[in-house]
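A quick write-up on the structure given underneath.
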Amino acid sequence: MIRRLPLNLAALVVVVISVFPVYWMALTAFTPTKDIQAETPTFWPAHPTLEHFATAVNADGFWTFWRNSLAVTAAAVLLALAVALLAAFAVARMRWRGRRGFILMVFIAQMAPWEALLVSMFIIARDTGMLDKLSMLTLIYFMTTLPFTIVTLRGFLASIPPELEEAALMDGCGRAAAFRRVVLPLLAPGLMSTSLFGFITAWNEFAFANALIIKNQDDRTLPVWLSSFSNVFGTDWGATMAASTLFMLPVLLIFLILQRRVTSGLIAGAVKG
Amino acid sequence: MSAPSLAAGRRETPATGPPPAAAPPRRTALWPYLLIAPTVLGAAYLLLYPLLRSVVISFQHFRTGELIRGGAAFVGLENYRAVLGSEEFRSVVLRTLVWTVVNVVLIMVISTVVALMIARLGRRMRLAVLSALVLTWATPVLAATTIFQWLFQSRLGVVNWLLVTLGLESFRDYTWFADGTSTFAILVTLVVWQSVPFAALTLYAGLTTVPAELYEAARIDGATSRQVFTEVTFPILRPLFGLITSLEVIWVFKCFAQIWAVSRGGPDGATTTLPVYAFQVAQSLHKYDLGSAISTLTVLILIVALITHLRRMVKQEGEHL
């Protein structure tokens, strides 16, 4: 026990450094302004209050930005899921010329330097009248999540034995019906976790939302709104942290749903590479 | 940290070999191509076209006038000459390299130590550390940037309070974000804080796959802990180290959101890295041609830096397919 003490202390330091910033955000969000501005900070919720959440939620356009973020994210993820399912099926279940090249391109697309495309994407959006449009953001988020979605779904599909489909085909199902009745139910957990990861990426995206929504302020998304917190809340740190908390909540929820896959599934996949 | 990037680590799932030969190839001549058509079209318009457009614009004279009226004229290598000839660009490249090296080295060293530590912990403490890392991992980039701005706030920030309480009186009301070096340091802290969970958890998962017999054998042969790491653990996990390092290089090198949200590349350009610089030149100065040239150079530098990783990936994938 005593021999393990230094090790456990080190572990404690890691836990504190990891958790403290998030704890501090939540704590500040619940602390009355008077206490936030006190000379000595308090490290536990002595007088918890919801006033900052009220300020954040009642801030100009909060619900609009929330709705924008949700709409763009959901549309992008669903689109990516549909398109990726087709491609993943072709890759995992069929033999064709160019298959290897296609997979390689998907892997390379996964590493695409999106940040280097900000300028040309701005010009393309402007030329096609897509500037300040949420649909442009949706398309971009669709493309940023697509390669990852294909790779993951291909993995899930490959783990479902093709014999199951063949049996259904023998029983007189068409290929589409066999897929819908046999493969899709088995694929559901994979679809679920893949789409949730896509959701997180799109929900968090900042660079394009910041570069492509310029004039029409009502079309901004939450990350961009949050980045301008000093314009919105001034020096009201309680409200700023309440807004950050509300922004983080859906992501945290998803991580809780996915917790097993986060630490086992994806990482196990990474290790086998 | 973004999720696809996490899963970029997922290179090979258990059963992703070639589809079994038993799958009947009948009537499949056209189908696969129809199935991948939406993906190919999407990538062509939303990835390839912007990439090519960026390259084309980098060879044109493209300012506000051309943006509105069109009809940009080709000017050959003029933009590249202007960019490469400027003192500013060279200092940005240097800063980007320093930024990448400092971040990646810190991320890899800390993650390795943390992963080795987790492997030695008891069950309860291990669960606590894993949960804490996942919590950090789950924190959205923009939430993390606002949190760090609050932590390092000059008058009410908890960091300054702590430093003053520890007797460092000079940190009373210290304005971190007014100084280039301290802003740079905070951004490094932020990026390392956000990146360690993925790397540490992945390395830890890798550690658990090393057979315990190997450790025992090394111990029986009288190896020290250090020798066990350099002679047993590291060689086995070498491919994983390579993969994670490459991924971290990509993420850190092209990092934009954190820098833009915290400092917009300031103060006085002290945190301007290549992606930030390209955006500034194009969006604030309306020199879209120079911005595109910088973006193109950014991609080229990244490709050169990762050429070994890309080559290995192509080779490995070739073997698996």
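For the range A:5-27, the set of residues classified as out of contact with any Ser or Thr (no Cβ under 7 Å at 6 or more places or on another chain) and within 7 Å of another protein chain (Cβ to nearest Cβ) consists of A:Leu7, A:Asn8, A:Ala10, A:Ala11, A:Val14, A:Val15, A:Val19, A:Pro21, A:Trp24, listed by residue number. Taken together, A:Val119, A:Val106, A:Val77 contain a single residue that is within 29 Å of B:Phe62 (Cβ to Cβ) and assigned to a helix (DSSP H, G or I), which is A:Val119.
Annotation: of all residues in the range B:257-300 being of a type in the set (S, T, N, Q), under 30 Å from B:Thr146 (Cβ atoms) and assigned to a helix (DSSP H, G or I), the one that is farthest from the chain's Cα centre (by Cα) is B:Ser284. With respect to being without any contact (Cβ under 8 Å) to a residue 40 or more places away in the chain, surrounded by fewer than 22 Cβ atoms within 10 Å (Cβ to Cβ), touching a helix residue (DSSP H, G or I) at 6+ places or on another chain (Cβ under 7 Å) and over 30 Å from B:Val228 (Cα atoms), B:Val98 falls outside the description. The lone criterion from (1) touching a residue at least 24 places away in the same chain (Cβ under 8 Å); (2) closer than 30 Å to B:Pro239 by Cα; (3) buried (at least 24 other Cβ atoms within 10 Å of the Cβ) left unmet by B:Ala293 is number (2). In this structure, A:Thr31 does not qualify as more than 9 Å from chain B (Cβ to nearest Cβ) and in contact with an Asp or Glu (Cβ under 9 Å, 6 or more places away or on another chain). Annotation: of all residues in the range A:100-119 being more than 7 Å from chain B (Cβ to nearest Cβ) and under 27 Å from A:Phe179 (Cα atoms), the one that is nearest to the chain's Cα centre (by Cα) is A:Val106.
Consider the range A:75-98 and keep the residues that are facing chain B (nearest Cβ under 7 Å) and of a type in the set (Lys, Arg). The one that is farthest from A:Thr149 (Cα to Cα) is A:Arg95. Applying the criterion of at least 1 residues that are farther than 30 Å from A:Val77 by Cβ, over 23 Å from the mean Cα position of the chain (by Cα) and more than 12 Å from every other protein chain (Cβ to nearest Cβ) to the helices (runs of 4 or more DSSP H) found wholly in the range B:33-120 leaves B:64-69, B:78-85, B:87-120. Checked against the criterion of being of a type in the set (Ser, Thr, Tyr) and either over 29 Å from A:Ala202 (Cβ atoms) or in contact with a His (Cβ under 9 Å, 6 or more places away or on another chain) (or both), the candidates A:Thr49, A:Thr64 yield just one match: A:Thr49. Considering B:Ile303, B:Ile236, B:Ile244, the condition of being crowded, with 22+ Cβ neighbours inside 10 Å and outside any loop (DSSP other than H, G, I, E, B) is satisfied by B:Ile244 alone.
Residue by residue, here is whether (1) at pLDDT below 85; (2) of a type in the set (Lys, Arg) holds:
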{"residue": "B:Arg11", "(1), (2)": "yes, yes"}
{"residue": "B:Pro20", "(1), (2)": "yes, no"}
{"residue": "B:Pro38", "(1), (2)": "no, no"}
{"residue": "B:Ser58", "(1), (2)": "no, no"}
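For every residue, the table says whether it meets (1) more than 12 Å from every other protein chain (Cβ to nearest Cβ); (2) within 22 Å of B:Leu142 (Cα to Cα).
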site: B:Ala199; (1), (2): no, yes
site: B:Pro211; (1), (2): yes, no
site: B:Phe234; (1), (2): yes, no
site: B:Ile250; (1), (2): no, yes
site: B:Gly266; (1), (2): yes, yes
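The values are calculated or read from the model by the stated rules, or taken from the named source; none is laboratory data. The structure presented is a predicted model; accordingly, all values stated were derived computationally and were not measured. Every residue, glycine among them, receives a Cβ derived from its backbone with ideal geometry; neighbour counts consider all protein chains shown.
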